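**Q** The structure is given below, and queries will be raised subsequently.
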Amino acid sequence: MTRNQTGGDCYAVAGRAAIEDPQVLYVVHATVEAPGVPRHGHAWVELADALGTVCQDRSNGNDVTLPQAVYYYFGRVEDARRYPREQALKLLVSTRHFGPWEEDPR
């Protein structure tokens, strides 16, 4: 997976959400593609709602919450790594950064 090449704050926002919100089920790191933006690393969190799992993406000042299938389809999500909240919190502490963790040599 490649690092976020857009200069965004997605990894930090997703990591902080995991720290602050016990409703977070997963922190997700993946490769995505958006209109006019080449494939790049991205992060968001996933939560449960009455209809299933939703993706919440508050990076770069956005406030997007969509059903997981819709988010993955329109984001052309590939190579998703879903970290359960507790694992994400441990990785935040052990690596001392918000990610992406799979590139960390430790």
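**Q** Given (1) over 17 Å from E102 (Cβ atoms); (2) outside any strand (DSSP E or B); (3) not aromatic (F, W, Y), where does L25 come up short, assuming only one miss?
**A** For L25, the exception is condition (2).
**Q** Further question: In the range 1-34, which residues are among the small types (G, A, S), at pLDDT 95 or above and touching a helix residue (DSSP H, G or I) at 6+ places or on another chain (Cβ under 6 Å)?
**A** G15, A18 - these are the residues of the range 1-34 that are among the small types (G, A, S), at pLDDT 95 or above and touching a helix residue (DSSP H, G or I) at 6+ places or on another chain (Cβ under 6 Å).
**Q** Which pairs turn up if I take residues in the range 35-49 that are under 16 Å from A88 (Cβ atoms) and look for partners that are modelled with pLDDT of 95 or more and small (G, A, S) with beta carbon separation below 7 Å, at least 6 apart in sequence or on another chain?
**A** Within 7 Å, the pairs are H42/A30; A43/A14; A43/G99; W44/A14; V45/A14; V45/A17; V45/A18.
**Q** Still on this structure, please answer the following. Could you check, for the range 66-83, whether at least one of its residues is without any contact (Cβ under 8 Å) to a residue 60 or more places away in the chain, of a type in the set (S, T, Y), surrounded by fewer than 17 Cβ atoms within 10 Å (Cβ to Cβ) and assigned to a helix (DSSP H, G or I)? Spell out how you get there, then give the answer.
**A** First, pick out the residues of the range 66-83 that are without any contact (Cβ under 8 Å) to a residue 60 or more places away in the chain: 66-78, 80, 82-83.
Still in the running and of a type in the set (S, T, Y): 71-73, 83.
Narrowing further to those that are surrounded by fewer than 17 Cβ atoms within 10 Å (Cβ to Cβ): 73.
Now drop any that are not assigned to a helix (DSSP H, G or I), which leaves 73.
Taking every residue of the range 66-83 in turn, at least one turns out to be without any contact (Cβ under 8 Å) to a residue 60 or more places away in the chain, of a type in the set (S, T, Y), surrounded by fewer than 17 Cβ atoms within 10 Å (Cβ to Cβ) and assigned to a helix (DSSP H, G or I).
**Q** Can you spot a residue in the range 89-99 that is of a type in the set (K, R), surrounded by fewer than 20 Cβ atoms within 10 Å (Cβ to Cβ) and touching a residue at least 12 places away in the same chain (Cβ under 8 Å)?
**A** no
The values are calculated or read from the model by the stated rules, or taken from the named source; none is laboratory data. Small disclaimer: the values here were computed from a predicted structure and weren't measured. Because the Cβ atoms are built from the backbone with ideal geometry, glycine has one as well, and the counts that use them run over all protein chains shown.
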